[in-house]
Structure formats: C-alpha cells, structure tokens
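All of the numbers you see were taken from the coordinates with simple rules; none came from a lab. In this text, all values refer to a predicted model and were calculated from it rather than measured experimentally. Cβ placement follows ideal geometry from the backbone for every residue including glycine, while neighbour counts extend to all protein chains displayed.
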C-alpha cells in the first residue's frame, strides 16, 4: 500500500518502499551503462581534434561557400538517375510485397505453420538491413551502377511495405469477406472483391510513404557506387571540392523537400 | 428441399453450438429461427453454406449432400443459397452496382469479374433488382454513402441476383430502426413469395417474426425447442426458449400491429 | 417497369472511373507509361556482368548456410560492441534532448517564437540523412565513434521530436485544463497534465528509434564513423561472403530481439 504510517500520521507515497527501491536500482543500472558507453566513446576519440573542431568547421564553411552554381549543369543526369532508382525500386518492391504480405497475414496465409514464418523471415531480414548494405552486396555481385541501386532499394523496401500491408490485411472487416465467399466466389475472386477494395487505401498510402523515403535513400546510394547523385557527392568529397559538395547537398535538400511535399499532396488526395 | 440431419457443431473451445439438429424446410417456406444470443442461430445458418464447417451431421440441398462436397462443388452449390447479413456486409469501398453484381461471382470467371465485364443479362438483372428495391438512382454511389436500410436492400439484391433457391438471412434487422426493420422484413418476405424461395431468417425480434413468417423454430443451447406456426407461440413456449419473463406484452404487440401489415398476414 | 429502368436495361454498364475527367485520366496514364519507358531506357544494365555475378550471388546465398563467425571474431566483436555503444549513448542523449524540443514544437504548449525555432531544428534534422551528417561530422571531428554518436543523436532528435510534438498537439485538452485550473505551475502542469497522456507514446517511439539507431549504426562505419559497418565493408571488399553473412545474421538477430523487446514493453505500458 502506498499509504504509510509515519509516527502516527498517514503519509501518502506514490510507490511502496520496495517499488521505489527497484526504481532507483533500475535508474542506477541505466546510468552506469550510459557512463560505460560514454567512456568507451571518449577513449576511442582523439580529443585534440574535437577541441580543434570549431576551427575546422569554420574552415570547411569558408571553403564551401559560395556553392559552385555552374556545376548544376552536370547534375541533371544524376538527379534523373536518383529519381529512377527510387521510383523503379519502389514499384518492384510493391510488386514483390503484395504476395509476401498475403502469405504473412494470419487471415490469408495458406499455412500458418510453414509459409507464414517464411514470409515473416523475408520481411524481417530485408527490413533489418539498410539499403546501403544491400547496395554494397549487390555491387559485389552484379557490379556498380544504377541497376544495383534499383535492386538494393527494391529489396530494402519489400520488407517495409509487406509489413505495413500485412498489418492492414489483418485489420480488414471479415464479414465483407464472408459475404463474398457466400456467393460462391472462388479464392481469387474473394481476394479481388472482398479483400482488395479494403486494403487499397492502405496500399496507396504505403506506396507514397515508401517512395518518399526511397528518394532520400537513393540520394546517398552513390556513396558506395550504386548510381545517382551520391556518386558526384562521393567524387567531390574525395577531391575535397567543397563548393561542389555544398551545391550537391543543396540539391539533395531540395529533392527531399519536394518529395515530401509531393507525397503529402498525394496522400491528402487519396484519404 | 433443405434437410439437416443430426447437424452438430463443436467449436475448438469446446462449446457445443449445435446439438444434433434435425430440420426439414420444404420448397418456398419462409421460417424464422428465434432464440437467445448464443443459442446457435448464426452457427446453424453458417453451417448450411459451410462458412462454418459442421463437426458432424449432414446437410442436403435438394438431392445434393453439401457436407461432403469438395471446395469446387461447394462453390457451385453456394450459388443456390443467397445470404443476407446482420451488418449488411457490403464491400464498402465498391459501388452499389459492383456490390450487386458480386452476387454473380460464382457464375463468371475470374478475369471477367476482375475487369467488371459481366454478361449483359446479369447487368440488366442487377438494374431490375435495384429498381425493385427502389435504389436504381444509387447504382453508381459507393456503398458506404448509403443509409442502413438502403445498404440492407443492396444486400438483398446481391443475394437475389445469385438466382438462389434458398435464402439464408442472418439477423437482417438487428442494426436497423423499428420502421426500417419492418420494411426490410416485408421486402424479404414479399420477394420470397414472388420468386417462390425458401428462407431461413434468424431474428431476435419475436413480434416481428410472428408478423411475417409461416413457421417458427425456437432454438435453445443448440437444440430445437419449438417448431410450429407463429400463432402457437405462447408465453410458456417463449419461457422454455428464453427463460422466465413477462411475455404477454410481446405477443400482444403483434396482434395490435397486425393490421399495419396486411400483405404479410399469410 | 419504370422509365429510368427502361433507359438502363440493355445498356452496357461500366464502373465509374477513379479519375472522373477523361483527359486527365489519359494524361496521367500516358505520362506514367512514358516515364516508365524513359526510365527503363536510361538504365544501363550490363547483362553479361549480371550473368557473371549470378555465380557470386549463389556463393553469397550459400554463405548464409555456413556463416563464418570465427575467423574474424575479434573484428566482429569489436565492431558490434561499438555499434551497440553508439546506439545506447546516442539514444539516451537523443531522447533526452528531443523531449524539451518536442514540448517547444507543440503549438498548444509553446509560444510562437519557441515553436518556430524548435520546428526548424526538427526540419533540418529530418532533411539531412544520417550518412550525410556522418560524412560532415567525420570531416569535422575526425574518424571514430564520436562522429557516429553525434550523428545518431542528431537524427533521433528530428524523428522523436516531430512525432512526439504531434502527439502532444492531439492530446486531450480537458485533462490538461483541469490540472491548470487547480492552480498548477507550468512545470507541474507539464508533469501532471501532459506527461501522463504522452508517456506511452514516448516509450513506444523511443523503442522504435533505438531499433532504427542500431540499424543505422551498422552503416555509419562505411564513412568512418565507427561501428560494425567498417568490418562489413572490408568483408565485402575481400569477397569474404561467409564473414559478411555472419555479420548480417547478427544484425538481423539483434533487430529481431529489439523488435520483440519493444513489443513486450509497449504492451506493458499501454
């Protein structure tokens, strides 16, 4: 009981003695872990560089401004590539995500014991690994270029889209499905009439949401050689051409802002 | 025409929803299934078209034994049984017309239905049915734009366009106001008469059932407790079905209101 | 038979189209098709190279069946530990900073100038991807986990503050007003009127962000900001697929464990 008797008076406490002790111990452990982490980071850091950081930052800023505006003429194609990587990657991912989602959803999976775990494994493994790592891997396999970027984005997005989609499938109204089944419809017809219309809004929302994220991710894929504007960024960084870097970062910022605006508009139109 | 033999359903949880129910429904008979919540009314109806798989027992529709059918032939037989649902169960994001036409799914192939290319005869029939229930003007509206009563009419059209021999009606009025409830019940019974359909109607409202149907089945705890014409439903019978309560008022109400619905007297 | 019915019977029926204006519908369709064609034409795929790569792809897939945890165990262990350390430290700092910023970015709590400042911090943090921030911070602070730690903290602020601020903005006003009406000070009001309402969401979002931070920490090593990424990159460069597979499996395992944990915790607080 949180009410305690202290020298004859009833004192209300939020927690009992044991509870509050438990809380303190938890906090103590948390702080100890954080202190350990911080100590590790600080050990691996050359503090001289850190104290020097403001000067270096100022130095980089001086060299990066003004951005090299005329460089924009060479960025047209990389921007186009970036857009393609994001869009085609998203489209491929959606095509793959739909069957995976149907196999993973409890109410549509053909077998809960065998197929559902496999579908979930696909979802978890593709989702846990960043698209840059997928790009690294694909470059090792199929060589550098835009194609590797498209595939990397596609694989990374499959799990993400399939997860959101299968959650939407599990939330559908089952009586509508029952009604279509009762008419004597085949399995595929039940999907097309009973399930598809119900998940369409979620599907459209997921597609636009992921496309927005993919625009961001595809701008940096070039850092590992998978095409797009990141290639120029990486090349400019290697030769320390800071005015070019500044311009590229501005372009990426613009792309991110525009894609966010587009996806917000489209989502508004759908819902 | 419909025959249930020792139909039993035991759920995985161990609940026995149906205990060896025997029932024969002749051609063209409209019967009401009454009973308290949990008596197994919904389960009974769903066991007939096997939306719920019965544990044991047999269901015959005409000469066909439904309980033994493979999924392909079951789909063909389901076309002969139209179903109407409590919460309408329309596909809300499809148009009224698509909802009605979805009753033909058992007759058309996948791609035809996917591309919405139904045979002209189906389309005409859909328009006729919508006209019959007074919703022709709503054909291209989305189902979720309609009111409850309108939605249930669309549900009726969807069941009828299957060209069924039997209607399975699950609590058609539970989500409707009293006036609309009566209109819907009247519509269902009229349409059954016009087309000579048999129907099993699950219904909570005893008075409403007595007003419209030819036969009443009382179900309690998964077993048939009463089977007879509506005017033999006495307070004693209702007590055995539902438990003790003052039933006079319920039955009286029917007699008072009988003249409201002269066309349903038979 | 009514006249409207007569007019319809015998006519073909079509589903009303999603986009009602005909020209717009065709323009959208045609534009999209044209874009797809253009996009496909500009992608250069060296099919010979892809075909060559299939063999390596097969090896990689096979490597997953026999991942090699041992031969680079020291590198893997150090890298993973550093990733975890960065994740923990950055999550703690990031969450601690994002709470006041979220309060400042909620229009129903903060005055306009504070609101604008906090919102612009969020906007900057969200617009810059982790990896770009990491590149800049490595250039400024030098190689090592400090850059990674700062990157993740910065990214956490944008993510968490935005979602938390939205939650605060949509909270139940009446509860908060009741506390205010009791004569509470501003800090008391936040503690009693606001905090209980947004706490479950804060915990859920924090768990989710820890998950993201760990996944991101795996790539920061690619640009020298510490963590497992450097080891992974080396493994790929040397075509040591079995070691790479081992690292990926560990990452997947940790992410799964984190997801499970966050599921359990979220269930308990809600």
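The label point for residue C:6 and the one for residue B:74, both projected 7 Å from the Cα toward the Cβ, are 4.7 nm apart.
Take each residue in C:42-54, count the other chain C-beta atoms within 10 Å of its C-beta, and the mean is 5. Remark: mean inter-chain Cβ contacts per residue of B:91-99 equal 5, using a 10 Å Cβ-Cβ cutoff to other protein chain atoms.
Across the protein assembly as shown, Cα-Cα pairs farther apart than 45 Å form 44% of the total. In terms of the Cα gyration tensor, with a ≥ b ≥ c the square roots of its eigenvalues, is region C:147-270 rounded because a/c is under 1.5, prolate because a/b exceeds b/c, or oblate? Since a/c reaches 1.5 and a/b is larger than b/c, the shape of region C:147-270 is classed as prolate.
Under the shape rule built on the C-alpha gyration tensor, where the axes satisfy a ≥ b ≥ c, chain A is oblate, since a/c reaches at least 1.5 while a/b does not exceed b/c.
To the nearest ten degrees, helix B:148-160 and the longest principal axis of the Cα atoms of chain B are 80 degrees apart.
Using Cα centres only, tell me the gap between region B:202-243 and region A:189-208 in whole Å. About 42 Å separates the Cα centre of region B:202-243 from the one of region A:189-208.
Neighbour counting of Cβ atoms within 10 Å sorts the residues A:188, A:12, C:189, fewest neighbours leading, into A:12, A:188, C:189.
In terms of surrounding Cβ atoms within a 10 Å radius of their Cβ, C:86, B:81, C:207 rank from fewest to most as C:207, B:81, C:86. Peptide A:42-49 shows a mean partner chain C-beta count of 5 within 10 Å per residue C-beta.
If one takes the longest principal axis of the Cα atoms in chain B, at what angle in degrees, from 0 to 90 and to the nearest 10, does the Cα axis of helix B:178-195 lie? It works out to around 70 degrees. Distance between the pseudo-spin-label points of residue A:35 and residue C:77 (7 Å out from Cα toward the beta carbon): 2.5 nm.
Distance between the C-alpha centres of region B:141-161 and region A:28-96: 56 Å, rounded to the whole angstrom.
Of the two radii for region A:198-271, the radius of gyration is 1.14 times the Kirkwood radius, both from the alpha carbons; that is the Rg over Rh value. Reducing region B:11-74 and region A:233-262 to their Cα centroids gives an inter-centroid distance of 67 Å. Applying 1/(1 + (r/R0)^6) with r as the Cβ-Cβ distance of residue B:15 and residue A:62 and R0 = 51 angstrom yields a FRET efficiency of 0.05. Angle of helix B:120-132 to the longest C-alpha principal axis of chain B, folded into 0 to 90 degrees and rounded to 10: 50°.
The modelled label-to-label distance for the pair residue A:238/residue C:62, using points 7 Å beyond Cα in the direction of Cβ, is 3.2 nm. Quick one: length gained pulling residue A:12 to residue A:107 fully straight, 0.36 nm per residue minus the C-alpha distance? Result: 29.2 nm gained on full extension. Note on chain B: percent of Cα-Cα distances in each 5 Å bin, starting at 0 and stopping at the bin with the largest distance, equals 1, 6, 13, 16, 18, 17, 13, 9, 5, 1, 1, 0.
Look at the Cα gyration tensor of region B:77-176: its axes a ≥ b ≥ c give a/c of at least 1.5 with a/b at or below b/c, and that counts as oblate.
Structural descriptor for region B:83-188: relative contact order 45 percent, calculated from alpha carbon pairs under 8 angstrom and at least 6 residues apart. Residue ranges C:53-63, C:230-240, B:196-206 sort as B:196-206, C:230-240, C:53-63 when ordered by packing (mean number of other C-beta atoms within 10 Å per residue, highest first). For the listed peptides A:226-232, C:44-50, C:72-78, a ranking on the average number of other beta carbons within 10 Å per residue, highest first, reads A:226-232, C:72-78, C:44-50.
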